[in-house]
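The values are calculated or read from the model by the stated rules, or taken from the named source; none is laboratory data. These figures come from a predicted structure and were not determined experimentally. Cβ coordinates were reconstructed from backbone atoms using ideal geometry, including for glycine residues, and neighbour counts include every protein chain displayed. Surface accessibility is based on the protein's heavy atoms, side chains included, excluding ligands, DNA and RNA. Shrake-Rupley method; radii C 1.70, N 1.55, O 1.52, S 1.80 Å.
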Amino acid sequence: MSAPLKPSSLETLPRPSGLAGLAADWASDQRAFKNVSWGKAMMWIFLLSDTFIFGCFLIAYMSARMATTVPWPNPSEVFALEIGGVHVPLILIAIMTFVLISSSGTMAMAVNCGYRRDRRKTAALMLLTALFGATFVGMQAFEWSKLIAEGVRPWGNPWGAAQFGSTFFMITGFHGTHVTIGVIFLLIIARKVWRGDFDTERRGFFTSRKGHYEIVEITGLYWHFVDLVWVFIFAFFYLW
Amino acid sequence: MAHAEAHATQHVAHTEHQQHPIKLYLLVWGLLFVLSTFSYLVDYFGLQGYLRWSLIIIFMMLKAGLIVAVFMHMAWERLALIYAILLPPLLVLVFVGMMVSESTYVLLTRLLFFGAAP
């Protein structure tokens, strides 16, 4: 019988908890994240690098906005919509926020169902998450088209500081790309779940060693991160 | 025999991880909706100045905290991972501080040379 290569199989002695455990984990001749699988640790480290990239974008936007001598366009008005003859400020962005939060909710439940090996529910919830994600991207396409029609360009806009356009397209464009990649990632994993790859321990792309439902949690980490970045963009770009 | 037993307990430990009640996720989902609504209302009622500034930041941090802690299961992860992931982004604040001082300097020089008021 070949023992599966599980991270927990490497742990023979009980380990201290708290700060003593932290020191023991990081000490020499140790695997730092003990019970955390490589897949999950690597996704976290990728997300950390992504945090720095989005951090740089938001800092660049902050510097541009602080250093400009012309007034910054009022996002509340720029993203307002006329709904049934009523002028509602920032409503489009608010709806996009609710859509993305809902996708995070369905994703969290998909992870839960995955660990309970309820593959139909997991696949359905992941598809619903992907659908919310696609809706978000669709609304962003509408938002971009509207702004481009109104004359917003990376080098200028009708309402003031030229840097508004460049930072807007840069930040929301990069976030939208992340959402799009996330939707594709979700669809790939949902298909595998639906087909039962993780019950039959089928080998394949993204499940290179053998199938267990942890990949659903790893996909979830990426998806929640996309929602997390939006929380910051919503606060700093749209509400500020 | 001993090996089989050890294997069985490992398997239990493995399937146990990051299993939390759906109710908790629904609660967080609801809280995120409420907090987003509050953020939106800050703009809707047109609050300005330090009040707007602090409310936006508070709601943002609460939302981010809920997502990372519960949805991303960080609250239940190993301390070694929590510190490895959460501490480095705090250093970005140093960068923020540097760029704040840089951009006020750029603004100052622009005002001096171009004479336009912000």
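Taking the numbered list (1) open to solvent by less than 30 Å² (accessible area, probe 1.4 Å); (2) of a type in the set (A, V, I, L, M, F, W, C); (3) at pLDDT below 95 in turn, A:Leu47 passes all entries but (3). Look through the stretch A:72-98, keep the residues that are of a type outside the set (A, V, I, L, M, F, W, C) and part of a helix (DSSP H, G or I), and return whichever of them is surrounded by the most Cβ atoms within 10 Å (Cβ to Cβ). Taking the candidates together, the pick is A:Thr97. Is one or more of the residues making up the stretch B:58-71 touching a His at 6+ places or on another chain (Cβ under 9 Å), open to solvent by less than 80 Å² (accessible area, probe 1.4 Å), facing chain A (nearest Cβ under 8 Å) and without any contact (Cβ under 8 Å) to a residue 24 or more places away in the chain? Yes, there is a match, as at least one residue in the stretch B:58-71 is touching a His at 6+ places or on another chain (Cβ under 9 Å), open to solvent by less than 80 Å² (accessible area, probe 1.4 Å), facing chain A (nearest Cβ under 8 Å) and without any contact (Cβ under 8 Å) to a residue 24 or more places away in the chain. All of A:Ile53, A:Ile101 fail the test of being crowded, with 16+ Cβ neighbours inside 10 Å, assigned to a helix (DSSP H, G or I), of a type in the set (A, V, I, L, M, F, W, C) and under 24 Å from the mean Cα position of the chain (by Cα), apart from A:Ile101.
Taking the stretch B:101-118, which residues are in a helix (DSSP H, G or I) and facing another protein chain (nearest Cβ under 7 Å)? Residues satisfying the conditions are B:Glu102, B:Ser103, B:Thr104, B:Val106, B:Leu107, B:Arg110, B:Leu111, B:Phe114. Have a look at B:Leu47, B:Leu32, B:Leu27 and point out the one that is more than 9 Å from chain A (Cβ to nearest Cβ), surrounded by 13 or more Cβ atoms within 10 Å (Cβ to Cβ) and within 25 Å of A:Ser103 (Cα to Cα). Exactly one residue qualifies, and that residue is B:Leu27. For A:Ala162, work out the one condition from (1) in contact with a strand residue (DSSP E or B) (Cβ under 6 Å, 6 or more places away or on another chain); (2) within 14 Å of chain B (Cβ to nearest Cβ); (3) buried (at least 19 other Cβ atoms within 10 Å of the Cβ) it doesn't fulfil. Tallying (1) in contact with a strand residue (DSSP E or B) (Cβ under 6 Å, 6 or more places away or on another chain); (2) within 14 Å of chain B (Cβ to nearest Cβ); (3) buried (at least 19 other Cβ atoms within 10 Å of the Cβ), A:Ala162 fails exactly one: (3). Restricting A:Pro73, A:Pro89 to residues that are more than 10 Å from chain B (Cβ to nearest Cβ), in contact with a helix residue (DSSP H, G or I) (Cβ under 9 Å, 6 or more places away or on another chain) and not aliphatic (A, V, I, L, M) narrows the list to A:Pro73.
Selection of the stretch A:107-120 for residues being touching a residue at least 12 places away in the same chain (Cβ under 8 Å) and assigned to a helix (DSSP H, G or I) yields A:Met107, A:Ala108, A:Met109, A:Ala110, A:Val111, A:Cys113, A:Gly114, A:Tyr115, A:Arg119, A:Arg120. Applying the criterion of being assigned to a helix (DSSP H, G or I) and within 7 Å of chain A (Cβ to nearest Cβ) to the residues of the stretch B:73-83, the residue that is most open to solvent (accessible area, probe 1.4 Å) is B:Tyr83. Taken over the stretch A:115-137, the criterion of being open to solvent by 40 Å² or more (accessible area, probe 1.4 Å) and of a type in the set (Gly, Ala, Ser) is satisfied by A:Ala124, A:Ala134.
For every residue, the table says whether it meets (1) at pLDDT below 90; (2) within 28 Å of B:Val92 (Cα to Cα); (3) among the charged types (D, E, K, R).
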{"residue": "A:Ser76", "(1), (2), (3)": "yes, yes, no"}
{"residue": "A:Ile83", "(1), (2), (3)": "yes, no, no"}
{"residue": "A:Ile95", "(1), (2), (3)": "no, no, no"}
{"residue": "A:Ser102", "(1), (2), (3)": "no, no, no"}
{"residue": "A:Asn112", "(1), (2), (3)": "no, no, no"}
{"residue": "A:Ala123", "(1), (2), (3)": "no, no, no"}
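Selection of the stretch A:146-180 for residues being farther than 26 Å from A:Phe225 by Cα and of a type outside the set (A, V, I, L, M, F, W, C) yields A:Lys146, A:Glu150, A:Gly151, A:Arg153, A:Pro154, A:Gly156, A:Asn157, A:Pro158, A:Gly160, A:Gln163.
Taking helices (runs of 4 or more DSSP H) as the structural unit, those lying wholly within the stretch B:1-72 and holding at least 1 residues that are at pLDDT 90 or above and β-branched (Val, Ile, Thr) correspond to B:22-44, B:49-66.
Within the stretch A:58-75, being without any contact (Cβ under 8 Å) to a residue 60 or more places away in the chain, under 25 Å from A:Phe174 (Cα atoms) and of a type in the set (Ser, Thr, Tyr) holds for one residue alone: A:Ser63.
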